[in-house]
1. Can you work out the base-10 log of I(q)/I(0) for chain A at q = 0.06 1/Å, using the Debye formula on its C-alpha atoms alone?
2. Apply the Karplus parameterisation 6.51 cos²θ - 1.76 cosθ + 1.60, with θ equal to phi minus 60°, to every residue of region B:199-205 and state each ³J(HN,Hα) to the nearest whole Hz, in sequence, with x for glycine and proline.
3. Every other copy gets compared here: list the nm distances from the B:GLU304 label point (7 Å along Cα to Cβ) to its counterparts, shortest first, one decimal.
4. If you plug each phi of region A:284-298 into the Karplus form 6.51 cos²θ - 1.76 cosθ + 1.60 with θ = phi - 60°, what whole-Hz ³J(HN,Hα) values come out, in order, with x for Gly and Pro?
5. Have a look at B:VAL66, B:VAL30, B:VAL262 and tell me which one the Gaussian network model of chain B (Cα, springs below 10 Å) gives the largest fluctuation.
6. Would you calculate the convex hull of the Cα atoms in region A:123-178 and tell me its volume per residue in Å³?
7. Looking at the protein assembly as shown, what % of its DSSP beta bridges pair antiparallel, to the nearest 5?
8. What does the convex hull of the Cα atoms come to per residue for region A:169-226, in Å³?
There are 2 protein chains.
Amino acid sequence: MRPPTIRDVAERAGVSKSLVSLVLRGSEQVRPEKRDAVLRAARELGYRPNAAARSLSEQRTRTVGVLLNDLRNPWFVDLLDGLNSLLHAHGLQMLLADARLNRRTGQDPADPLLDLRVDGLVVVGTLPDPAALGGVAERIPVVLAGSREPAPPGVDVVAGDDERGARLVAEHLIGLGHRRIAHIAGYGTVGELRRRSFEAAMRRHGLAEQAVVEPSDMTEEGGYRTTVRLLSRPERPTAVFAVNDIAAIGVLSAAEELGLRVPRDLSVVGYDNTSIARLRHVWLTTADNSSHEVGRRAARCLLERFEGAGGAGRVQLATPTLEIRGSTAPAP
Amino acid sequence: MRPPTIRDVAERAGVSKSLVSLVLRGSEQVRPEKRDAVLRAARELGYRPNAAARSLSEQRTRTVGVLLNDLRNPWFVDLLDGLNSLLHAHGLQMLLADARLNRRTGQDPADPLLDLRVDGLVVVGTLPDPAALGGVAERIPVVLAGSREPAPPGVDVVAGDDERGARLVAEHLIGLGHRRIAHIAGYGTVGELRRRSFEAAMRRHGLAEQAVVEPSDMTEEGGYRTTVRLLSRPERPTAVFAVNDIAAIGVLSAAEELGLRVPRDLSVVGYDNTSIARLRHVWLTTADNSSHEVGRRAARCLLERFEGAGGAGRVQLATPTLEIRGSTAPAP
C-alpha cells in the first residue's frame, strides 16, 4: 500500500492540491471550513508531509524548537502551555530539548534542534551562556522567554516584570507589619532585579536598616543553608522572601528544623508560583510570573519574525501578580 | 563565508573524508583517538551535518524522539538522564515532546517527532492509548519506558518491578508494627500491579482483613480527598501507602488538616522517589523505581533494534529499592 499523497488529501477534502498545500503551510488566507476539511482529510488518510524533504525544498519544517534550561525545576510548565496554544493555532508544532542534559554531554545545547532544521528557537529560562545564541540568531528567529539576560542582536526577550513582582512581595510583607525582612537572593539578571527592587521597597518604607540580603544558588539546599544561618542570629527576621519557590521550600525546612512555625513565627514568600507552591502541603505565598502570558507573547514574537519582521530585539514584560496562600501572616 | 564541509573537517583532523563520515554515522569501527580528533575538528569548525539531507539519503537522523506523558509530574527526570547517557555515548541525540500538550491540540502525540523523521521513539510513562503506537512501530523501533501497558508487537518494554516495589513498602509498614494499613490505589497496569502486590503481602501476614483499598486518580487532589474519607472512619488506619508520590503529598495535607502528626500518628509512603519526595520539607518514604537504570536499558533496547535485532517485544524489569525517610515510624 503506497502512502497517501497530497493529491489524495485534495480529493477527499474536495479541494484543489494547491489549497491543501496552502493549508499545510499554515496560510491565513484559507477559510476556516476549508482548512478544517483539509486537516480532517489529512488525518483520516494518515497523510504525513515529508518534513525532511519539505525542509530541503521550502526551507521550512513548521517546527519550533524549545530549549529548556533544566527540566528538574517545573516552573516552565505554564509557559509551554501558553507557547503551544498560539503556535498550534498557526499550524506549528513544538519540540523540546533539555539544555542541562545536552550540556553534560558537551554538546551545544541547541544542536539537536538545529540539526533537524527547526524554523525558530525559543529559549526558556537562563542559559549559562546566552551570547552563544548569536550564531543561531543569524540563521533563524530566536526568542528568550522567562529570562532577562542581555540578548544577542535581533533576539526578542519576553519575561515577567521581576522588579514589580519583588515589590509586590515586599509590600505584602511590610503591610503585614513585618520590619526585619530577609531576602535570599539569586544570581543573574533575574536575581539582581528582584534583589534591587526588594531593597528599594524597604528604603521607601524607611526599613533600609532592617533589610537583610543573603546570596544563594537558587536551590532548595541553598535556601535551607542560608536560612539556618539567618535564623540563628540574635535579631532574627520575622519574614523571608526567597528568590524562587525551590529556595523557599528550603526556608520552610530550616524553619521547621529550628522549631519555628510558619506562618505564626515566620512568614515565607517564594517566586514563580510553581506546581510545588500550589501543593496543599506547601501552600506557599509566591509571586506569579504570568508564565502562560509570557509563553503566548514569545510565540507572537516568533510568528512576527517568521512573517518577515526584522529589526533589533525587543524586550516585553508581562505583569506579575501575588498569590497569597498559607505561608504569610501578620508579624508576631 | 561558506559553511564548513566534511572535507574541511577531514583536513583539520588529518584523516580521510570517509573516516569522518564513519565517525559521524556513529560507527564502532573507529579508534577512539581518531574519533575524538574528528569530533574536535567538527566542533572547532562549527561543522553541522545537514540532518535533513542526510535523512533523505541515509534514512537516518541519528535522533531519538522521546515522548513524555506529562511534563508536570517530574518522575521522569532520572529516566531521561539514564537514557541520554547511553544514547549520547553512541552518537545519538534526543528530542522531547509532551504528549499532554499535543493531545490537547488534537494531534497524535508522536507526530512532531515523526514528522522530523526520528530514528526511534521512546515513550516515557503511560499514554492514554498505547495501542496507537502500533502504526509507528511498523516503521521505526519503539520502546516503552517506565510503563507496563500491553505493548504492540515488536515493542520492547522496560519498567520498574511494581510488584516487588509494592511488596517492599507493605513489608516495611508491617515490620514497623502497623496492622490497619490503607492503600490509595491508581489505575492502569501499574496501579493494578501495585495494588495486587500490596494485598498479597497483607494476606501473607494474616492481615487481609485489615487492608483497606481506595481507588484514586493518582493526583495530589485525589490523594487528599481519599485520605480525608479514610481518616474520618471510626477505625482509622495507622499507615497509608499511596500509589505515587504526588498522591502521597495529598495524604500529608489531609493528615495535617485533620490534626494528625506524620509519622507519629500516621505513617505515609509514596512511590517513584520524585524530586518532591526528596524535598527536606516533605522527606517522604517512597519506593525508588531505579529510573536511571530503566532509562539506560531502554536505550540499550533501542540500540539493539537499530543494529537490526528483530523479534517480538521483550519486557524487562528493573529492581526497585525502598527509600526510608521521615514519613514512616513504628505504629502508635
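Laboratory data are not the source of any read-out in this text; all were calculated from the coordinates shown. Worth saying up front: this structure is predicted, and the values here are computed from it rather than measured. Every residue, glycine among them, receives a Cβ derived from its backbone with ideal geometry; neighbour counts consider all protein chains shown.
1. So the normalised log intensities work out to -0.28.
2. 4, 5, 5, 4, 4, 4, 9
3. 5.3
4. 8, 5, 7, 7, 9, 6, 6, 5, 4, 5, 4, x, 5, 5, 5
5. Looking only at B:VAL66, B:VAL30, B:VAL262, the largest GNM fluctuation is found for B:VAL30.
6. Dividing the Cα hull volume of region A:123-178 by its residues yields 75 Å³.
7. So the antiparallel bridges amount to about 10 percent of the total.
8. Values: hull volume 4.5 nm³, N = 58.
Cα-based convex hull of region A:169-226, divided per residue, equals 77 Å³.
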